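Structure, as structure tokens:
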Amino acid sequence: MQSKDYEIIIGLEVHAQLATRSKMFCRCEVDVDAAPNTKVCPICLGLPGILPQTNDQAIKLGIRAALALGCSVNLESRWARKHYFSPDLPKGYQITQYEHPLATGGALELPGMDKKVRIRRLHLEEDAGKLVHSSRETLVDFNRCGVPLAEIVTEPDISSVEEADTYLKELRLVLRSLGVSDAEMERGHFRCEPNISVRPRGQEKLGVRSEIKNLNSFKAVREGIERAVKDQIEWLEQGEKIVQTTYLWDEKLRELKPMRAKETAADYRYFPEPDLPPLILAGSEIAEIKSTLPDLPAVKRKKLIEAGLSEQDAAVLVAEPEWEEYFKGLLVEASASIKEASTWLLNEARGIMAERKETLAEFKVPVKELASLIKLLRDGKLTRPAAKDLLAAMADKGRGAAELMEELDLGSVSDEGLLEETARKVIEENPDVVDRYHKGKTGVLGFLVGQCMKKLRGKADPNAVREILLKSLQESK
Amino acid sequence: MSKLPSIAELILLIAREERKATEIIEEIKGNIGRKESEANAYINLFLDEALAQAKQLDASGSKPDEEKPLQGIPIAIKDNICVSGKPCTCASRILEGFIAPYDATVVARLKDAGAIIVGKTNLDEFAMGSSNENSAYGPVQNPLDTERVAGGSSGGSAAAVAYGGAVAALGSDTGGSARQPAAFCGLVGFRPSYGRVSRYGLVAFASSLDQVCPITRTVQDAALIYSIIAGPDPCDSTTYPAEPEEMDLAGEIPEGIKVGLIKECFDDLEDERMGDAVLRSFREARVELVEVSIPLVRLSVAGYQLLAMAEASSNLARYDGIRYGRRIERLGLRETYFATRGEGFGDEVTRRILIGTFGLSEGYIDAYYNTALRYRAALAAEFEEAFKKVDFLLSPTAPTPAFKLGEKIRDPLAMYLSDIFTAPAALAALPAISIPAPDKVDGLPVGIQITAPRFADAKLLEFAHAVERL
Amino acid sequence: MTRGVEILKVAELARLELKSGERQRFGTEFERITAYFAQLQKLSLEGEITFPYPCPRAPDRPRDYEIKVEKLSEYLKDGYFKIPPLLA
């Protein structure tokens, strides 16, 4: 049998770090890069006698994300304790939400795939600390401990690696565009735990699940899921019994490692957190947050495409807030058209950045200067090729458009006398061509314009040259 | 035994310059010197520091006033309540070496009011016990009869106040841990409504039941301490958001007060003299007494212990030796966990963690923990019904006076059952107070327990104050 | 499941080392105490206790908390808490 004979069923759990300044249940600053154990207090260290205090902003961000994902936000949700022993979990339990999550029942549309993935629930919880392993000892840093997370769980609606990848990227985009999370995967702001099962097509009974932890890049997610699917199909083919297993993704070896049964035989003993009363929300608060939601990526993309952008360009702008901001800047500063802005930012500037291996943040041309380049071009003070050269020079030197144009002598010739003289010379030097022109072969005009441009070393507005040439030809008749 | 004045009396003495702060500390020091080696009420004493503070107060001539109502008043703190810079042992070996880096809210409030912290008192390990025999620092003896227990788990606080080692003390009460030792030592133990007093800095045993409680010589003193430590606290999300109401300790029982005797408590008494001791003064005061039945009280120990053990198993998961406290290091982490916790906890704590973990575990949570939650709600509903008929409910604080050291320690269930009258109010989140009855049984004090509706703390204190004076 | 097995399972969950004598003793008590608790199951009970007030929410304002880990533990290395290796 082939893989197409099997149905793949994937559910995803995503932990997204909420973009708050302080932690979920204490007011320690969120700064996981600080020196180890310097952003800690009695509460996040789980000292005797401490009690949690919820973070208002984390709750608001959770509501924001839930609404954007089309979930219904529950007017009453509750906190629960989830127990397990781990040196990075100071209290021996994690405060989370279990039977009564913040929000339930949403969906996310996968762009370009005509598919919706249902969201089962979104709940709030606290992160654990970090472990640093060596063969002889393990070191623990609690700076990350207590950082607020939203856990977003899908229904098992995903049926391929591509869908999983698209879902994750779109979810990340939604969270970033809302300001809910920085969602930087490599920095652990956005962690994904897939559960995967495979069954022969047509079989009703679900397959046995494999769960994967420790996937910290989109690439790892793809590879991990692919691997798990391949393994399961192989086992099914060979008639092996599949046991529900949790795997750890080994980033170095790029393979799945099964966790020991002892580590996975969990009994979390959930029970209501007695230190926190239920979270009661007012309908008016939810409505207010809803009214402040910005356009979601899907809507933004649609609007940009309607305005004339290609699907791909629209995707870039929506995927990268800095690009979108730059783009909008061009529209304002240069009164640029969507077309002008996309040409100069998404084609030309982006090409230069790619060549120079720069990000937009490193790109030395500020919005204002690219805008003035566009204006110079529009006013005929620059030719298109000269403008491209100028942009490259600006990116290199980090200097202003007008100033650099002058210095590099890239400006167009706009002296009418010089243009007329050039036209006259070209007419004199090409009597045959001029003759053919006068006999009605107006197509040769392009050649004559080209000759003029050559003499002017490309530094003139071809339209202006054309006009003067026409006038001179008229006179030479 | 040199009896110390009450806080209220001391305030007057200081105001009239008949007593200095240093003299009170010296007096306490003397009592401790004579009594402490037997009583074993304290785990840590800070007498030098207390004396230095008192000297400073005397030198500056500052006296208790409205801003500092407890200026110079020496108070003992149960050693499961954090005092910044001091060890907090919870009478457990697992917390050896731990120094609290912060003040519990109640301690901060007492310090702000001018109180001098004289020491940290002995208790049953993590407040789990009814006799103060489960302490890594040895049992507490009852100063009134050294062959008997002082009660538990706040046995050290009660003993210290009883022998004059402190003017008043803070204890904690999860299922009777302040009221019962107060009753055994002839003192007042007041458990406020759940949510009235911040638990921030009180080392959690059973979070939904724990409350910090004053243990004092008089109801007036309990009311004074309560008025200082009670009220909302941003550090404790379970504190009731409203400020406690004003109290008027006029000392008179208002007209028309109706008091209900909890039928089951009196019916089940093995020694009738206990019931008589509790009721005599009420009968003489011609307060209207009616019998009220709260049938679920009979199973209160089952409901209480089950919930408390479950919560304890969770609250004590943090003691792993990784960040603080005593670590028994082994080659691997797993082994270190088992050794640290296995050796760090005493028998009673181990027993409760085992049973509590069981009660929450997969396959059993419905039959145990969830059933106990429903029991709790049903019991609270029975109390609510009862309070439709009466203003206060009455029972003995404990079924017997102080029992003998060693009498129940080998039989955990028998020990648990000594909480049978105190557990109900804790489960129903109600305020309850134990005050000494005027009569003794076999020469030992008997506690009268009065319970009020939730958040009627002020009314309860006013009433108890009047009853105390009967 | 016999209570002996139960005790072992629960002790494993709670990370408590029990010596063989303790296992025996705790096992017997465990049985007696849980049987006493089981009386509650015979009552048909309903209802739920909830808080009479909602969860307060604190403003997201970071605050420095000067806590010295050196004062909490002697098992430290370069500011980290040091523990035996996870996979020994």
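The values are calculated or read from the model by the stated rules, or taken from the named source; none is laboratory data. Just so you know, these numbers come straight off a predicted model, no measurement behind them. As a convention, Cβ positions derive from the backbone with ideal geometry for all residues, glycine included, and neighbour counts pool all protein chains shown.
What to note about this one:
- Of all positions in the stretch A:262-273, at least one carries a residue that is within 26 Å of A:Ile225 (Cα to Cα), of a type outside the set (Asp, Glu), assigned to a helix (DSSP H, G or I) and assigned by TED's automatic domain parsing to the domain that holds A:Gln57.
- Evaluation of A:Met185 against (1) crowded, with 17+ Cβ neighbours inside 10 Å; (2) of a type in the set (A, V, I, L, M); (3) closer than 30 Å to B:Gly359 by Cβ (one fails), failing number: (3)
- Residue selected from the stretch A:129-176 under the condition within 14 Å of chain C (Cβ to nearest Cβ) and within 23 Å of the chain's Cα centre (by Cα), by the criterion surrounded by the fewest Cβ atoms within 10 Å (Cβ to Cβ): A:Val147
- Of the residues making up the stretch A:185-206, those that are in a loop (DSSP other than H, G, I, E, B) and within 11 Å of A:Glu7 (Cα to Cα) number 5.
- Among the residues of the stretch B:1-29, those identified as within 21 Å of B:Ile215 (Cβ to Cβ), part of a helix (DSSP H, G or I) and touching a residue at least 12 places away in the same chain (Cβ under 8 Å) are B:Ile7, B:Ala8, B:Leu10, B:Ile11, B:Ile24, B:Ile25, B:Glu27, B:Ile28, B:Lys29.
- Some residue of the stretch B:310-331 being among the acidic types (Asp, Glu) and in contact with a strand residue (DSSP E or B) (Cβ under 6 Å, 6 or more places away or on another chain): no
- Residue list for the stretch B:345-370, filter: under 15 Å from A:Ala266 (Cα atoms), of a type in the set (Asp, Glu) and in contact (Cβ under 8 Å) with a residue 12 or more places away in the chain: none
- With respect to the stated conditions, A:Glu420 is assigned by TED's automatic domain parsing to the domain that holds A:Lys459 and either without any contact (Cβ under 8 Å) to a residue 60 or more places away in the chain or of a type in the set (Gly, Ala, Ser) (or both).
- Looking only at the stretch B:178-217, and only at residues there that are assigned to a loop (DSSP other than H, G, I, E, B) and more than 14 Å from chain A (Cβ to nearest Cβ), the one that is surrounded by the most Cβ atoms within 10 Å (Cβ to Cβ): B:Ala178
- Inspection of the stretch A:49-69 finds a residue satisfying the criterion of being within 11 Å of another protein chain (Cβ to nearest Cβ), free of Cβ contacts under 8 Å to residues at least 12 places away in the same chain and not in a loop (DSSP other than H, G, I, E, B).
- Every listed requirement among (1) under 30 Å from A:Phe271 (Cα atoms); (2) within 7 Å of chain B (Cβ to nearest Cβ); (3) among the aliphatic types (A, V, I, L, M) is met by C:Ile67 save one, (1).
- Residue within the stretch B:75-85 that is surrounded by fewer than 23 Cβ atoms within 10 Å (Cβ to Cβ) and within 14 Å of chain A (Cβ to nearest Cβ) present: yes
- Extreme residue, nearest to the other protein chains (Cβ to nearest Cβ), among residues of the stretch B:331-361 that are farther than 13 Å from C:Arg15 by Cα and at pLDDT below 95: B:Gly332
- For the stretch B:426-470, a residue qualifies if it is β-branched (Val, Ile, Thr) and closer than 25 Å to B:Pro143 by Cβ, and the qualifying residues are B:Ile433, B:Ile435, B:Val441, B:Val446, B:Ile448, B:Ile450, B:Val467.
- Matching residues in the stretch A:228-249 - criterion: being within 23 Å of A:Ala266 (Cβ to Cβ) and without any contact (Cβ under 8 Å) to a residue 12 or more places away in the chain: A:Lys241
- Residue list for the stretch C:22-53, restricted to those being surrounded by fewer than 17 Cβ atoms within 10 Å (Cβ to Cβ), of a type outside the set (Ser, Thr, Tyr) and either outside any helix (DSSP H, G or I) or more than 7 Å from chain B (Cβ to nearest Cβ) (or both): C:Arg23, C:Gln24, C:Arg25, C:Glu31, C:Ala35, C:Ala38, C:Lys42, C:Leu43, C:Glu46, C:Gly47, C:Glu48, C:Pro52
- Only a single criterion out of (1) surrounded by 19 or more Cβ atoms within 10 Å (Cβ to Cβ); (2) more than 26 Å from the chain's Cα centre (by Cα); (3) over 23 Å from B:Asp103 (Cα atoms) is not satisfied by B:Gln53, namely (3).
- The lone exception for B:Glu272 - which of (1) touching a residue at least 12 places away in the same chain (Cβ under 8 Å); (2) exposed (fewer than 11 other Cβ atoms within 10 Å of the Cβ); (3) in the same structural domain as B:Pro431 (by TED's automatic domain parsing) it fails: (1)
- Residue in the stretch B:282-290 that is under 20 Å from B:Pro192 (Cα atoms) and in contact (Cβ under 8 Å) with a residue 12 or more places away in the chain present: no
- Test: C:Tyr65 is over 26 Å from the mean Cα position of the chain (by Cα), assigned to a loop (DSSP other than H, G, I, E, B) and more than 30 Å from B:Pro453 (Cα to Cα): yes
- The set of residues from the stretch B:380-410 being within 14 Å of another protein chain (Cβ to nearest Cβ), part of a loop (DSSP other than H, G, I, E, B) and within 23 Å of the chain's Cα centre (by Cα) comprises B:Lys408, B:Ile409.
- Wholly within the stretch A:352-471, helices (runs of 4 or more DSSP H) carrying at least 3 residues that are basic (Lys, Arg): A:367-378, A:384-397
- So A:Leu47, is it within 18 Å of A:Pro274 (Cα to Cα), touching an Asp or Glu at 6+ places or on another chain (Cβ under 7 Å) and surrounded by 21 or more Cβ atoms within 10 Å (Cβ to Cβ): no
- The numbered conditions (1) outside any loop (DSSP other than H, G, I, E, B); (2) without any contact (Cβ under 8 Å) to a residue 24 or more places away in the chain; (3) surrounded by 18 or more Cβ atoms within 10 Å (Cβ to Cβ); (4) not basic (Lys, Arg) are all true for A:Ile225 except (2).
- Of B:Gly151, B:Gly165, all but one fail to be at pLDDT 95 or above, away from chain A (no Cβ under 14 Å) and on the phi > 0 side of the Ramachandran plot; the exception is B:Gly151.
- Within the stretch A:15-42, the set of residues being outside any loop (DSSP other than H, G, I, E, B) and surrounded by fewer than 24 Cβ atoms within 10 Å (Cβ to Cβ) comprises A:His15, A:Glu29.
- Residue check for A:Val117: in contact with a helix residue (DSSP H, G or I) (Cβ under 8 Å, 6 or more places away or on another chain), in the same structural domain as A:Gln232 (by TED's automatic domain parsing), modelled with pLDDT under 95 and not in a loop (DSSP other than H, G, I, E, B): no
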